[in-house]
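Notes for the one structure printed next.
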Amino acid sequence: MIEWILAQPFVFAAALLALVACFRSQGTYWLGRGIRAGVIRAKWAQRFQEEKATAAVARLEKYGWPAIPLSFLTVGFQTAVHLSAGLIGWRWPRYTLAASIGWVLWGVVYAAGGLAVFAGLFALAQASPMAAVGVIKLVIIAVLALTLWRSAPLRDRLTKSLN
């Protein structure tokens with residue numbers, strides 16, 4: 001099936017893969033909401049109403065939303081993130097807005113060959129696990145360096161200190 005999708009024009013393949021990500025993430029989110037509803041009706045309900053619990057949910061509502069779209073760039077972690085969003089009771093409109101960015105991101109990455117990258121990394125890990133760890137570390141360092149370099153205040157401080 002994936003070969004058929006990837007044989008389609010890029011925009012169609014990306015849209016179809018984004019739709020798959022949409023259904024999967026929404027299903028996982030609603031599973032978490034269902035589990036939460038069952039727990040709230042149970043004898044542990046008061047724990048969800050404690051001040052610390054409501055404060056944690058409020059902080060996640062305010063600052064935790066980048067985890068949702070970024071989770072689509074991971075393998076295995078995204079299910080935990082979407083289930084957790086449902087478990088802690090994130091509001092559906094806010095979750096869906098954050099997830100929609102991830103749907104598009106996931107569709108584009110996988111339609112552009114993301115599966116091939118993961119397959120290559122997996123093959124490298126089988127041949128040499130340390131080489132795969134090295135590649136992952138290099139990618140993380142490159143992303144962090146690029147992110148920090150694009151930060152104007154930091155870039156200005158670095159260039160002033162080098163001059």
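The conditions of being surrounded by 12 or more Cβ atoms within 10 Å (Cβ to Cβ), among the aliphatic types (A, V, I, L, M) and at pLDDT 80 or above are not met by V117. If the condition is being at pLDDT below 75 and in a loop (DSSP other than H, G, I, E, B), then the stretch 61-80 contributes G64, V75, G76.
The values are calculated or read from the model by the stated rules, or taken from the named source; none is laboratory data. Only a predicted model underlies this, so the values are computations on that prediction, with no experimental measurement involved. Counting neighbours? That spans all protein chains shown, and the Cβs are built from the backbone with ideal geometry, glycine included.
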